[in-house]
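Student: Take this structure first; my questions come after.
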Amino acid sequence: MVEESKSSVPIRFDDEAWEALAATTNANRCFQCGTCTAACPLADSTPMRVRALIRRAQFGETDPLIWKCMTCAECNASCPRGVDIVGLVRHLRQEKWRTREVPKGLPTLLWGIYSDGNTFHLPPKDRAAWMKDVKVPGRGSTLLYVGCTASYDPRAQRTARSVAKLLNLAGVEFQVMGTDEVCCGEAARSVGNVGLYDDLQQRNSDAFRKRGVERVITISPHSFDALKVGQSKYGGPQVVHYTQALEELVDSGKVVGTVEKRTVTYHDPCYLGRHQGVFEPPRRLLELSGLTLVEMANNRAQSLCCGGGGGRMWMETDPLERPGSRRVSEAAGTGADLLATACPYCISVFESERGSEVIPVTDVAELVASGAKG
Amino acid sequence: MIDVREGGIWVYAERRGDSFLPVSLELMGKAREIADRLGVELTALTVGRDGGAGAQLRRYGPDHVLELAHPLLTTYDAKAYATAISAELRRSKPSTLLLGATRNGQDLAGRLAIRMRTGLTAHVTALELDDRQNLIGWVPGFGGGIEAGVSCPVRRPQMVTVKPGVFPLPESGTPTGDVTKVVPELSEKDVGSRRISFEPKGSTVDLTRAGVIVVGGRGTGGDFTRIERLAHLLGGEVGATRVATDAGWVERDRMIGQTGVITHPELALVFGASGAVQFTVGIEGANTVIAVNRDPAAPIFDHADLGIVGDLGPVVDSLLRALAA
């Protein structure tokens, strides 16, 4: 005899919602082993459990804790069944927009992207302000795609200027879009607004075609991932991250130079490393510049997220839940003089964490540029 | 009884005490423009316990100001307000009624639309006229990244709620139009709720409405006593950067920026904040920004109307002395 359920709330399966989710994420392969939860960097600081949110999704429910997810993809990397858990989180967030159950701050983010073409709600006419004294050849089929953060954030502008300087030293012909550049849409996609992301991919594709762009170099790993994935649909240009482009230039001897002898530890940004598999170019750039690289225990595919992905840059995080402070401590523990990374979100997060006084945070391009000659 | 021609444009001017919400004035500016294009009259409608406040609206170009005054309209009540306003709408038959998409504006608009058996376009961000002089309200929807144009061609008044800040605040000018006070017929049964007392919920600070904000950042080293004193003397509020809030120097309600509050003060005084974009987006809407920082290269100076390079201690002290004098 089957015992009756004691719960007074009937379980209602929403087959349609589940089918839609499973079609793009392989979620129906999930056998609830919980490896994802074990891999999740938030499992020991927040109540969010990745396994549980997949289980709830099977019942047609959305765990309100999905907004904590940084889409760092540690779960994807560890899932034995090949479920695209990051895709699943984005999909569930998309549903939340329909019911308007979204955290404060995110509608403002989308309004900014929608009306001003950037994530800061700042005037489009100021988008080229990063250039200051930087000269751009303005020709050729290579485009330096700066992205919102490196266009408007004075800290990240330094990275964009360093990359432009290195391209100039190597004699690379390239163009920038200046005030015509619009957001890549990664932030919209990560908070679940696929419509706006698709729109921006289309606009970028049109702009690239009009300018005869065959190769796009991005500053942010987030733009790199968003454009690489998004533009493939349009048969668009080759998209690379600046660390890949610079590695080629240093390898071919077009840029040489060494910086002051110091030790450096490198933090793999999630969207460059785990999402796109670019682990070695930034390391080679640091070593070719004469720096001594020391690794953190959590390196390459095991890198710990800074906490800024998945739209978390626009949501406040309780200081006790911030993975960034843990990462800064880990970096300081290596004894290195510097913490280098290659993502404007990571830099912004690390510099705002306590502990960044102990180990200065810097960007790979800035380090290379500081000692480079053409 | 008021002498208003049929087919005019009405703006519901929402009161806060004896003044009006900025969105209502923004609507006055836009409505004047539409009224002139259509060659119709503009009426500002205001509701409250007494008349009198409505005279201020004459500075924003109306042909008429209509004040509905009754003791039962002292505080906002959807039922009482809708009863009073719908009676006037039936009498004067305007073609259009514009309201601000505020909490009360949205509440009232829905109820009025049902009473008038007409359509309502909510949360509009742009207004235009089609070739038949119907109003088209543009409503963005983020479900699919689309924008919809909505019109109401068959019923009148056509009703729209407009998001605050969409239209520019008009300059106040020479008073125009007449002011009429009407005492609507209302009884206790028309009132749905009674206000016993008014206590703001939870957080007591609302930096979004502060006229003056004195902000402290990492450079304060945690000493906010003089910042608080300065804010007090200026009749303003204390704000903080994320570093200052994380350190526990100031409560989180006062954090300004991307994950905090976006402010629009007349004056922001910023002490010891470097000017990371995640902070400066929160003071972008300030009319005047004065920044004090030791580092002449600090990005905060790109956002300041007036910058002082120096230690914040002596600067705050001399400001305090000057204000206390």
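Student: Between B:L38, B:L89, B:L267, where does the largest GNM mean-square fluctuation fall for chain B, given springs only between Cα atoms within less than 10 Å?
Tutor: Among B:L38, B:L89, B:L267, the largest GNM mean-square fluctuation belongs to B:L267.
Student: Report, for chain A, the % of DSSP beta bridges that are antiparallel, rounded to 5.
Tutor: Numbers: 2 of 19 bridges.
Here the share of antiparallel DSSP bridges comes out near 10 percent.
Student: With N denoting the number of residues in the range A:318-373, provide Rg(C-alpha) divided by 2.2 N^0.38 Å, to two decimal places.
Tutor: 1.17
Student: Further question: Given the convex hull of the Cα atoms of the range A:206-306, what is a quarter of its surface area in nm²?
Tutor: Approximately 7.4 nm², given one-decimal rounding.
Student: What ³J(HN,Hα) values, in whole Hz, does the Karplus curve 6.51 cos²θ - 1.76 cosθ + 1.60 give for the range B:211-223 when θ = phi - 60°, with x put for Gly and Pro?
Tutor: Whole-Hz 3J(HN,Hα) from phi for the range B:211-223: x, 10, 10, 10, 9, x, x, 3, x, 6, x, x, 8.
Student: Of the options A:A156, A:T35, A:H222, report the single residue whose Cα projects farthest towards the positive end of the charge dipole of chain A (beta-carbon charges: Lys, Arg +1; Asp, Glu -1).
Tutor: A:A156
Student: Dividing the alpha-carbon Rg of the range B:207-324 by 2.2 N^0.38 Å yields what?
Tutor: This ratio for the range B:207-324 stands at 0.92.
Student: Mind checking which aspartates and glutamates have their C-alpha under 17 Å from B:K79, skipping anything on the same chain fewer than 8 residues away?
Tutor: Filter leaves B:E14, B:E88, B:D107, B:E185, B:E188, B:D190.
Student: Semi-axes, largest first, in whole Å: what does sqrt of 5 times each Cα gyration tensor eigenvalue give for the range A:15-98?
Tutor: Over the Cα atoms of the range A:15-98, the semi-axes work out to 18, 15, 11 Å.
Student: So what is the relative contact order for the range A:267-358, in percent, with contacts set as C-alpha pairs under 8 Å and at least six apart?
Tutor: Contact order relative to length: 34 percent.
Student: Let me ask something else about it. Among the Cys residues of the protein assembly as shown, which have no other cysteine Cβ under 4.7 angstrom away?
Tutor: Here A:C30, A:C33, A:C40, A:C69, A:C79, A:C148, A:C183, A:C184, B:C152 come out as lacking a disulfide-compatible partner, given the Cβ-Cβ threshold of under 4.7 Å.
Student: Separate question: Which lysines have a Cα lying under 19 Å from the Cα of A:K104, excluding residues fewer than 8 positions away in the same chain?
Tutor: Filter leaves A:K68, A:K96, B:K163, B:K201.
Student: Only four residue types carry charge here, +1 at the Cβ of Lys and Arg and -1 at the Cβ of Asp and Glu. Report the dipole size of the protein assembly as shown about the Cα centre in Debye, rounded to the nearest 20.
Tutor: Value, rounded to 20: 680 debye.
Student: Find out how many positive minus negative residues lie around A:A369, taking Lys and Arg as positive, Asp and Glu as negative, among other residues whose Cβ is under 11 Å from that of A:A369.
Tutor: +2
Student: Shifting gears a bit: Using +1 on the beta carbon of Lys and Arg, -1 on that of Asp and Glu, and nothing else charged, what's the dipole of the range B:55-139 about the Cα centre, debye to 20? Spell out each step's value before the answer.
Tutor: Numbers: 11 positive and 8 negative charges, 60 e Å.
Computed charge dipole of the range B:55-139: roughly 280 debye.
Student: If you take the charge dipole of the protein assembly as shown about its Cα centre, with +1 on Lys and Arg Cβ and -1 on Asp and Glu Cβ, which of B:L233, A:A342, A:A77 is farthest toward its positive end?
Tutor: After comparing all options, I get A:A77.
Student: Bin all alpha-carbon pair distances of chain A at 10 Å intervals from 0 and give each bin's fraction as a whole percent.
Tutor: 5, 23, 32, 24, 11, 3, 1, 0, 0
Student: Towards the positive end of the charge dipole of the protein assembly as shown, with charges on Cβ (+1 Lys, Arg; -1 Asp, Glu), say which of B:A78, A:C306, A:L246 has the farthest Cα.
Tutor: It is B:A78, whose Cα lies furthest towards the positive end.
Student: With a Förster radius of 25 Å, plug the Cβ-Cβ distance of B:E228 and B:E266 into 1/(1 + (r/R0)^6) and report the FRET value to the nearest 0.05.
Tutor: Values: r = 19 Å, r/R0 = 0.77.
It comes to 0.85.
Student: If you don't mind, there's one more thing I want to ask. How compact and how long is the protein assembly as shown, expressed as Rg and Dmax of its alpha-carbon atoms in Å?
Tutor: For the protein assembly as shown, the Cα radius of gyration and maximum Cα-Cα distance read 28.7, 88 Å.
Student: Residue by residue, what Karplus-based ³J(HN,Hα) values in Hz, rounded to whole numbers, does the range A:252-257 have, using 6.51, -1.76 and 1.60 with θ = phi - 60° and x for Gly and Pro?
Tutor: Running phi through 6.51 cos²θ - 1.76 cosθ + 1.60 with θ = phi - 60° gives 8, x, 6, 10, 10, x Hz.
Student: Which net charge results for the neighbourhood of A:R262, defined as the other residues with beta-carbon distances under 13 angstrom from its beta-carbon, given Lys and Arg at +1 and Asp and Glu at -1?
Tutor: It works out to a net charge of -2.
Student: Could you work out, for chain B, what percent of all Cα-Cα pairs fall into each 10 Å distance bin, beginning at 0 Å and stopping at the bin that holds the largest distance?
Tutor: With 10 Å bins starting at 0, P(r) equals 6, 23, 25, 21, 17, 8, 1.
Student: More than 17 Å apart: what percent of Cα pairs in the range A:259-370 qualify?
Tutor: 49 percent
Student: Then there's this: How large is the charge dipole for chain A, taken about the Cα centre, if only the Cβ atoms of Lys, Arg (+1) and Asp, Glu (-1) carry charge, to the nearest 20 debye? The partial results should precede the final answer.
Tutor: Numbers: 45 positive and 44 negative charges, 103 e Å.
Roughly 500 debye, rounded to the nearest 20.
Student: Residues with beta-carbon under 13 Å from that of A:A170, excluding A:A170: net charge, scoring Lys, Arg +1 and Asp, Glu -1? Could the numbers behind the result be given before it?
Tutor: On the way: positive: A:K165, A:K254, A:K373; negative: A:E173, A:E247, A:E248, A:D251.
Net charge around A:A170: -1.
Student: Which whole-number percent gives the relative contact order of the range B:9-190, counting Cα pairs below 8 Å spaced six or more residues apart?
Tutor: Details: 394 pairs, mean separation 52.6, N = 182.
Normalised by residue count, the contact order of the range B:9-190 is 29 percent.
Student: Given contacts defined as C-alpha pairs under 8 Å and at least six residues apart, what's the relative contact order of the range B:207-324, whole-number percent?
Tutor: Values: 266 pairs, mean separation 29.5, N = 118.
Relative contact order for the range B:207-324 comes out at 25 percent.
Student: Which lysines, if any, have their Cα less than 24 Å from the Cα of A:K132, not counting same-chain residues under 8 positions apart?
Tutor: A:K165, A:K373
Student: So, in Å, what gap is there between the alpha-carbon centers of the range B:63-138 and the range A:256-305?
Tutor: Cα centroid to Cα centroid, the span is 61 Å.
No value in this document is a laboratory result; all are computed from the given coordinates. This one's a predicted model, so the numbers in the text were calculated from it and none came from an experiment. Glycine gets a Cβ as well: all are built from the backbone with ideal geometry, and neighbour counts include every protein chain shown.
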